[in-house]
Amino acid sequence: MWIKQIFLGILGLSSGLAVAGGMFAFLIALGVISRFAGRTHTAEYIWYYEDAAAIGGILGNLFWIYQIPIPVGMVGVVSYGLFSGIFTGAWAMALTEIVDAIPIFSRRIRLKTGMPWILVSMAVGRAIGALIYAYYGM
């Protein structure tokens, strides 16, 4: 019986490492982290960005798996929702930029002006969605 438990533990750990490695490789391949460093002119701190992304993924998984309560109140929930929305929005924008979805879409609908407003509204919508999910979804 204990051999089965050890095997399942090794299998679960290996699967988790493979998925996490793939996600972080995808995140780096999209250039989200390097783009943040480039936009903020803080390229010398790229290792800190990468470490923060890895530590955030590890801690997020630990808190999710073991259901560790974090007593941060409404300010913490709002902060979590805001930063989750920023991360998800940056990731989605990097994906759309890679496949050139926004330029193709704007040419198809013959959009001449207003592109910054569309991008801001997409970011705000994602942030509001993350806040709603953080408040009601948990």
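Can you go through 47, 64, 2 and tell me which one is surrounded by fewer than 11 Cβ atoms within 10 Å (Cβ to Cβ) and either within 21 Å of residue 136 (Cβ to Cβ) or among the β-branched types (Val, Ile, Thr) (or both)?
Details: 47 fails: either within 21 Å of residue 136 (Cβ to Cβ) or among the β-branched types (Val, Ile, Thr) (or both); 2 fails: either within 21 Å of residue 136 (Cβ to Cβ) or among the β-branched types (Val, Ile, Thr) (or both).
Testing whether each residue is surrounded by fewer than 11 Cβ atoms within 10 Å (Cβ to Cβ) and either within 21 Å of residue 136 (Cβ to Cβ) or among the β-branched types (Val, Ile, Thr) (or both) leaves just 64.
I'd like the residue in region 87-138 that is aromatic (Phe, Trp, Tyr) and under 26 Å from residue 24 (Cβ atoms) and, out of all such residues, is modelled with the lowest pLDDT. Spell out the reasoning first.
From region 87-138, those aromatic (Phe, Trp, Tyr) are 87, 91, 105, 117, 133, 135-136; that's our starting set.
Those still in the list that are under 26 Å from residue 24 (Cβ atoms) too: 87, 91, 133.
Values: 87: 78, 91: 74, 133: 82.
Top of the filtered list is 91.
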| task | Filter region 15-42 down to residues that are of a type outside the set (Val, Ile, Thr) and surrounded by 12 or more Cβ atoms within 10 Å (Cβ to Cβ), then give me how many there are. | result | 13
| message | When you scan region 70-77, do you find a residue that is at pLDDT below 85, surrounded by 12 or more Cβ atoms within 10 Å (Cβ to Cβ) and in contact with a helix residue (DSSP H, G or I) (Cβ under 7 Å, 6 or more places away or on another chain), even just one? | response | no
| request: Scan region 53-73 and give yes if some residue there is within 18 Å of residue 35 (Cα to Cα) and either of a type outside the set (Ser, Thr, Tyr) or in contact with a strand residue (DSSP E or B) (Cβ under 6 Å, 6 or more places away or on another chain) (or both), otherwise no. | output: yes
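Need a quick list: helices (runs of 4 or more DSSP H) entirely within region 38-138 having at least 3 residues that are in contact with a Lys or Arg (Cβ under 6 Å, 6 or more places away or on another chain).
Fully inside region 38-138 and qualifying: 73-98.
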| List, please: which pairs have Cβ atoms under 8 Å, are six or more places apart or on different chains, and start with a residue in region 1-27 that is free of Cβ contacts under 8 Å to residues at least 60 places away in the same chain and within 20 Å of residue 62 (Cβ to Cβ) and end with one that is part of a helix (DSSP H, G or I) and of a type in the set (S, T, N, Q)? | 16/61; 20/61
| field | Residue in region 65-85 that is over 18 Å from the mean Cα position of the chain (by Cα) and either more than 27 Å from residue 134 (Cα to Cα) or among the acidic types (Asp, Glu) (or both) present | value | no
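The values are calculated or read from the model by the stated rules, or taken from the named source; none is laboratory data. Source: prediction; values computed, not measured. All Cβ positions, even for glycine, are placed from backbone atoms using ideal geometry, and neighbour counts span all protein chains on display.
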